[in-house]
Amino acid sequence: MAVGKNRNAQLVIDEDAIFHNISEERKRLDSKSDLFMVVKANAYGHGAVQVAGIAKAAGATGFCVAILDEAIQLREAGFVSEPILVLGLSDLNNVPLISKYNVSVTVSSVDWIKQAAELAQKLGLKNKIRVHLALDTGMGRIGLQTVSEVKDAIVELKRTSEYIDFEGVFTHFSTADSTDDDYFQYQLDNFNELMTAIPEKPRYVHVANSATSMWHKAAGGNMVRFGVAGYGLNPSGVAIASPFKLEPAMSFTSELIYVKEVQSGRSIGYGATYTSDSREWIGTVPVGYADGVRRSMQGFSVLVDGQYCPIVGRVCMDQLMVRLPYKMPIGTKVTLVGTDHDHTITLQDVADYCHTIHYEIACGYSSRLPRVYRSSDHLK
């Protein structure tokens, strides 16, 4: 049984919103360009397998994940022929699995290419190891950094071509979501210089995440790694307007499970950090930091039957308390993210309050929260 299946709290995922965001981006791309939907981290908390199906229907031609297990999850869920790229580095011990599931992996060193080819030959693997060469143009994370390193890698890829399929090359821009283009241009110049070491281009040349695709189309490439914007979240937060309307796909709702009146001077929650200064109605909501509601959200207002109500006291592991305007019935809807009546709380609102980014908030909602999917008939 899935833990959380019987809870009175859930993440509601709007499939139509995801379909809209992807199809709108697809319209902006050249007909020869590919769109790979990024479904790493359980599709930014939205559910990888479900999102992959929506993305395929909306025009995605492949998928990106962070680790091999995420790629295997998609293969075993029925995505058997679509290209799947693992963006993180893979252990050499997993070369047999990489071949078995026929997924593409990121490489960042000549030694990995050499040793993977030796393993493939020794084990007689059926499928070639498909690789995308990572170039570090200024992100400082993984990838080859110099023309000399790239040339050495190309030599090794040609030497081992019986076992290794050089399928792609890519980089990642660290400031594509910024209003200042200087560092972006620096990275783009570095990429163009490194690409001079690759006279015969592979099938995929990709530089564009959501932000690059939305605001720097001239950067080039023939594949887009469409991530956070596919879920309706602006990569820049609010710094840059999106070129089309993004529709947020995630809502987070629960309900009041307990309501009580407290007298003036009563403390609420761990550490007694909140004390009532008059008679107040306090409601308890059955979600907490084990579900991804941060302790730092004390003082943040959620919607209870469409009315803003502040979280009082520290957020507990499994519960939190809110101050109500009056006695409300048990079972009253509580919206932590989403719209109720005429008011809306966005993931960006939560992120701003917690001094972080909306990516982190969405990814932080735990598996204890069931994902409930809603769509119109055309996606069923």
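What is the distance, in nm, between label points placed 7 Å from the Cα along the Cα-to-Cβ direction at Lys151 and at Asn93?
3.7
By counting other Cβ atoms within 10 Å of each Cβ, how are Met297, Met195 ranked from fewest to most? All intermediate terms of the calculation are to be shown ahead of the outcome.
On the way: Met297 21, Met195 18.
By the 10 Å Cβ count, ascending: Met195, Met297.
Full extension from Thr356 to Asp111: what is 0.36 nm times the residue separation minus their Cα-Cα distance, to one decimal in nm?
Result for the pair: 84.5 nm of gain on full extension.
Place a point 7 Å from Cα of Ala2 in the direction of its Cβ. Which residues in the range 34-54 have their backbone N less than 16 Å from it?
From the range 34-54, the list is 42-54.
Mark the label point 7 Å from the Cα of Lys158 along Cα→Cβ and return the residues of the range 184-221 whose backbone N is within less than 17 Å of it.
195-203
Can you list the lysines whose alpha carbon is less than 22 Å from that of Lys217, not counting same-chain residues fewer than 8 positions off?
In chain and number order, the partners are Lys27, Lys32, Lys201, Lys245.
Evaluate the distance, in nm, between pseudo-label points positioned 7 Å from the Cα of Thr179 and of Ile240 along their respective Cα→Cβ axes.
About 1.2 nm, to one decimal.
Could you tell me whether the range 45-107 comes out rounded, prolate or oblate from its Cα gyration tensor? Rule is a ≥ b ≥ c as square roots of the eigenvalues, rounded for a/c under 1.5, then prolate if a/b exceeds b/c, otherwise oblate. Please report the intermediate quantities before stating the final value.
Details: a/c = 2.00, a/b = 1.81, b/c = 1.10.
Since a/c reaches 1.5 and a/b is larger than b/c, the shape of the range 45-107 is classed as prolate.
So what's the angle, to the nearest 10 degrees on a 0 to 90 scale, between helix 147-159 and the longest Cα principal axis of the chain?
That works out to roughly 70 degrees.
Please rank Trp281, Trp112, fewest neighbouring Cβ atoms within 10 Å first, as an exposure proxy. Walk me through the intermediate numbers first.
On the way: Trp281 17, Trp112 22.
Arranged by neighbour count, lowest to highest, Trp281, Trp112 become Trp281, Trp112.
If I stretch the segment between Asp318 and Ile330 completely, what's the gain in nm (0.36 nm per residue apart, minus their alpha carbon distance), one decimal? Numbers along the way, then the final one.
Numbers: separation 12, 0.36 × 12 = 4.32 nm, distance 1.75 nm.
Result: 2.6 nm gained on full extension.
Using only alpha-carbon positions, what ratio does the radius of gyration of the range 250-374 give when scaled by 2.2 N^0.38 Å?
Values: Rg = 13.9 Å, N = 125, 2.2 N^0.38 = 13.8 Å.
The value comes to 1.01.
Can you tell which of Tyr365, Phe184, Tyr353 lies farthest toward the positive end of the dipole of the chain, using +1 and -1 charges on the Cβ of basic and acidic side chains (Lys, Arg; Asp, Glu)?
Positive-end residue among those listed: Tyr365.
Just from the alpha-carbon atoms, what are the Rg and Dmax of the range 32-231 in angstroms?
When restricted to the Cα atoms of the range 32-231, Rg and Dmax are 16.3, 51 Å.
Hey, what's the Kirkwood Rh for the range 46-158 if you take every pair of different alpha carbons, in angstrom? Don't skip to the answer; put the middle values down first.
Numbers: mean 1/r = 0.0667 Å⁻¹.
Its Kirkwood hydrodynamic radius stands at 15.0 Å.
Using the Cα centre of the chain as the reference point, and only Cβ charges (+1 on K/R, -1 on D/E), how large is the resulting charge dipole? Debye, rounded to the nearest 20. List each step's numbers first, then the result.
Details: 37 positive and 42 negative charges, 200 e Å.
That gives a dipole near 960 debye.
Set the Förster radius R0 to 45 Å, insert the Cβ-Cβ distance between Arg374 and Ser296 as r into 1/(1 + (r/R0)^6), and round the FRET efficiency to 0.05.
On the way: r = 30 Å, r/R0 = 0.66.
That pair, Arg374 with Ser296, gives E of 0.90.
Any idea what diffusion coefficient the chain gets from Stokes-Einstein, in µm²/s, Kirkwood Rh on alpha carbon pairs, 4 °C, 1.567 mPa s? Can you show the working numbers first?
Values: Rh = 22.7 Å.
D, rounded to a whole number, is 57 µm²/s.
What's the FRET efficiency of His343 with Val49 using the Cβ-Cβ distance as r and R₀ = 35 Å, to the nearest 0.05?
0.60
For Met250, Met37, which order do you get if you count the other beta carbons within 10 Å of each Cβ and list the fewest first? Numbers along the way, then the final one.
Values: Met250 25, Met37 28.
The most exposed by this proxy come first: Met250, Met37.
Every number in this text was worked out from the coordinates using simple rules, so none of it is lab data. None of these values were measured; they are calculated from a predicted model. All Cβ positions, glycine included, derive from the backbone under ideal geometry; neighbour counts span all protein chains shown.
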